[in-house]
Amino acid sequence: MRGKEGQPFIVLAEGTDRSQGQNAQSNNIQAARAISDAVRSTLGPRGMDKMLVDSMGDVVITNDGVTILNEIDIQHPAAKMMVEVAKSLEQEVGDGTTSSVVLAGELLNKSEDLLNDVHATLITRGFNLAAERAQEILDNLTTDVDVDDDELLAKVARTSMASKLSGGHLDTLAPVTVEAIRAVSRQRDGNVVVEKDDIGFSKKTGGSVEDTEVIDGLLLDKDRVHSGMPETVEDANILLLNKAIEFEKTEVDSEIQISDPDQLQAFLDQEQDVLEEMVDQIEASGANVVFCQKGIDDVAQHLLARRGIFAVRRAKKSDMQRLEKATGARIVNSLDDLTEDDLGTAGRVEERTIGDDTSTFVTGAPDAEAVSVLIRGGTEHVVDEVERTLEDSIGSVAAALEEGKVVPGAGATETEVALRLREYANTVGGREQLAIETFADAIEIVPRTLAENAGMDAIQVLVDLRSEHENGNKSTGVLVDEGEIRDATAEGAVEPLRVKTQTIKSAAEAATMVLRIDDVIASKGAFDEDAGGPPAGGPGGPGGGPPGGGMPGGMPGGMGGLPGM
């Protein structure tokens, strides 16, 4: 930069990289598009999986959008923003992450040509208008959900699961999802609330996915601490203890000087007396099962076993909280004021061996408010993907139950929204009209991608879909299993309204956030030059990412310039 006298002066530190104007916008758009392209092929029932290998050689096989993005080592800030969108959607709804990233990428892709004629501020205003209008259009496509309609909830679960690894096990996993949701759903002030955190997952390799089931209670990956304890306890009175059953050590360093063996024996006897007193307090309360969040001394284990008390130590805090809801017990921090009222109940507590692992089952608890899902599969990769599948489907079913509304899936909703947005654009006028039309074109990326991933003629599918929707068939979508366009609702392809609204909102917000950036200032070392260059760098990494983009220019890798792909 130069002052009034034409003398140069330095504002930015040496080595700072700066990209301005259209060049900065183009770089950010290319980076965001690369993220979108990374997950686009996973969308839909015929979507492909990704194998992700980290620096330690650990392998993850999945087509879950947020999992893929979490596993990728991303450097470019615009690309990181796209990942944050997916993460926030996962936390808010639990599903729809891939669709939101794909839609955001397509919005930016369509915007790049528009930037030559329309200012970015006008484009973002048009996108915001389109997103608001889309919400109104979605409200006119909804079907109400009867809270007792398990069949409809199972359809929501199947739609969510259809694109996952376990798509061939829908008849097994959909009822599991609905059953688990039913166990943790509550009525509050006339509304349904689903406590998803009260559903625990336990993964055991061996068997098949068909063996996956909901446990009427809880399953803990722990075994009893002493072989002399009973393996099964009927009519269990359960104590949840957040205190070690051990001889307490002093808070400060101390020494005990012993001059003869009798003193040593007296000291050991005193330790045992303390432990016996603790076990006496447990027995006196009526507890015959103890779940301890901390340690249990070897002597205490022996004493508990002699009295027929089943005990588990080092239970996780999350398991203790679910046990509290499942059994009605209260977590106790001291044995001195322990009473029978602090105990919970369960019909049965038993130790079982599943495959090579030993677990503790707590079942038959009256008014249980927490459950566990036992996930089975032939390999570790399979059970991991089944867990991700169930988490997504549980999020979808919970959203449908809480919101009370669903919309057609299979790209039908996006096609209808695109059609109505084009009609709306004609009433807006100005250059915002171009942005709204661009939004309408972009949202059709969902049915188009569904068709492409299924090997169908995407252009013909879009033409047919538009024709059907113009004729008033609002629920017509792409049924990829049959390779045809049909009524999605009639075929059971339905999604929660909340997933669709959040997907469109998140994608629009991400796109507008990227478009409004016209200056990127990166300090020296902000980008790893060994990984492919600075943010405004040249061609992509060895994976063949598009040139000129910040992410492709700064991220090597196999697919779209992404590392490790």
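The values are calculated or read from the model by the stated rules, or taken from the named source; none is laboratory data. Everything numeric in this text was worked out from a predicted model, so none of it was measured. Please note: Cβ atoms are built from the backbone with ideal geometry, for glycine as well, and neighbour counts cover all protein chains shown. Keep in mind that these areas ignore ligands, DNA and RNA; they rest on the heavy atoms of the full protein, side chains included. Shrake-Rupley method; radii C 1.70, N 1.55, O 1.52, S 1.80 Å.
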If LEU323 satisfies all but one of (1) part of a helix (DSSP H, G or I); (2) closer than 18 Å to GLN281 by Cα, what's the number of the condition it fails? (2)
Report the residue count in region 151-181 for those that are at pLDDT below 85 and out of contact with any strand residue (DSSP E or B) (no Cβ under 8 Å at 6 or more places or on another chain). 11
Anything in region 293-309 that is in contact with a Leu (Cβ under 8 Å, 6 or more places away or on another chain) and either β-branched (Val, Ile, Thr) or modelled with pLDDT of 90 or more (or both)? List them, or say none. ILE296, VAL299
Complete set of residues in region 29-55 that are among the small types (Gly, Ala, Ser) and either touching a helix residue (DSSP H, G or I) at 6+ places or on another chain (Cβ under 8 Å) or open to solvent by less than 40 Å² (accessible area, probe 1.4 Å) (or both): ALA31, ALA32, ALA34, SER36, ALA38, SER41, GLY44, GLY47
Taking region 173-212, which residues are among the acidic types (Asp, Glu), more than 20 Å from LEU152 (Cα to Cα) and open to solvent by 70 Å² or more (accessible area, probe 1.4 Å)? ASP189, ASP197, GLU210, ASP211
Those residues of region 411-425 which are open to solvent by 20 Å² or more (accessible area, probe 1.4 Å) and either assigned to a strand (DSSP E or B) or under 15 Å from GLY477 (Cα atoms) (or both), in sequence order: LEU419
Tally, over region 315-339, of residues that are open to solvent by 20 Å² or more (accessible area, probe 1.4 Å), of a type in the set (Gly, Ala, Ser) and under 29 Å from the mean Cα position of the chain (by Cα): 2
The lone condition ASP342 fails out of (1) open to solvent by 50 Å² or more (accessible area, probe 1.4 Å); (2) more than 27 Å from GLY206 (Cα to Cα); (3) charged (D, E, K, R) is (1)
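Any chance region 349-369 includes a residue that's charged (D, E, K, R), surrounded by fewer than 16 Cβ atoms within 10 Å (Cβ to Cβ) and assigned to a strand (DSSP E or B)?
The first filter runs over region 349-369 and keeps only residues charged (D, E, K, R), leaving 350-352, 356-357, 367, 369.
Pick out the ones that are also surrounded by fewer than 16 Cβ atoms within 10 Å (Cβ to Cβ) and you get 352, 356-357, 367.
Filter once more, so that each one left must be assigned to a strand (DSSP E or B): 352, 357.
Within region 349-369, one or more residues are charged (D, E, K, R), surrounded by fewer than 16 Cβ atoms within 10 Å (Cβ to Cβ) and assigned to a strand (DSSP E or B).
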Does any residue of region 370-387 turn out to be touching an Asp or Glu at 6+ places or on another chain (Cβ under 6 Å), among the hydrophobic types (A, V, I, L, M, F, W, C) and modelled with pLDDT under 85? yes
